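Structure, as structure tokens:
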Amino acid sequence: MADVAKREIACPGLKLTTEELNSLLRRCDKGDEESLRSLRQLLATHAELGKAFELAQMVEEDWLNRMFGEKGFTARAFADAEMDRMRRDIGRADANGLERLLIERIIVCWLQLHYLESNCARDMGDRTWAAEAWCQKRLDRAHKRYLSAIKTLAQVRRLAVPILQVNVAEKQVNLVASVPPAETQAPLDDGGHDATA
């Protein structure tokens, strides 16, 4: 169970303390139907509460625990700062719903890739050829998933760009120049050009 006390929740109007919310979640984890109904009602009326338990964030947390352990605070601080920078650089703040999902996928794939690279590098030379090939295969698959997530985000953004159609007839500007009187105007040929030139 994800404990609320470990997460920051900005939920104005919520009439439960952190302890009460944790108690409700523990009852839900035990399968208490009444508590599950209460939780669903809370989530329906306080959408920001659900943000504390986004699956992508929970998966990210699991990968960070796997990489640094639950005590690797310094390394986690650096990783968190890097992931925040990546989210800013990729433009998560201005992204639509689908783009946000893909951005979170990119972050998780990035974590997986670096975790696997670190493991492969750490144990290099101590493995059999078969184990080394297996490690390299896992690394290749993680790299493909990472690049696929990036490519998909780029495609979604390219498709989302509005197509601009320019209708020249409606935007046409006609300039009227002063025309000399007919008696002084040069005669024109069949193509509308000056016949004397």
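Just one of the listed residues (LEU36, LEU42, LEU25, LEU16) is assigned to a loop (DSSP other than H, G, I, E, B), outside the structural domain of LEU153 (by TED's automatic domain parsing) and surrounded by 12 or more Cβ atoms within 10 Å (Cβ to Cβ), and it is LEU16.
Taking region 23-63 as the range and being modelled with pLDDT under 85 and among the aromatic types (Phe, Trp, Tyr) as the test, only PHE53 passes. Out of ARG88, ARG66, ARG145, ARG76, one residue alone is modelled with pLDDT under 90, under 21 Å from the mean Cα position of the chain (by Cα) and within 25 Å of GLU54 (Cα to Cα). It is ARG76. Looking across region 57-81 at every residue that is surrounded by 14 or more Cβ atoms within 10 Å (Cβ to Cβ) and of a type in the set (Asp, Glu), the one that is nearest to ARG158 (Cα to Cα) is identified as GLU60. State yes or no: is PRO162 within 20 Å of ARG100 (Cα to Cα) and either modelled with pLDDT under 85 or not in a helix (DSSP H, G or I) (or both)? Considered against the rule, which asks whether it is within 20 Å of ARG100 (Cα to Cα) and either modelled with pLDDT under 85 or not in a helix (DSSP H, G or I) (or both), PRO162 comes out as yes.
The values are calculated or read from the model by the stated rules, or taken from the named source; none is laboratory data. This structure is a prediction, so every number in the text was calculated from the model and none was measured. Every residue, glycine among them, receives a Cβ derived from its backbone with ideal geometry; neighbour counts consider all protein chains shown.
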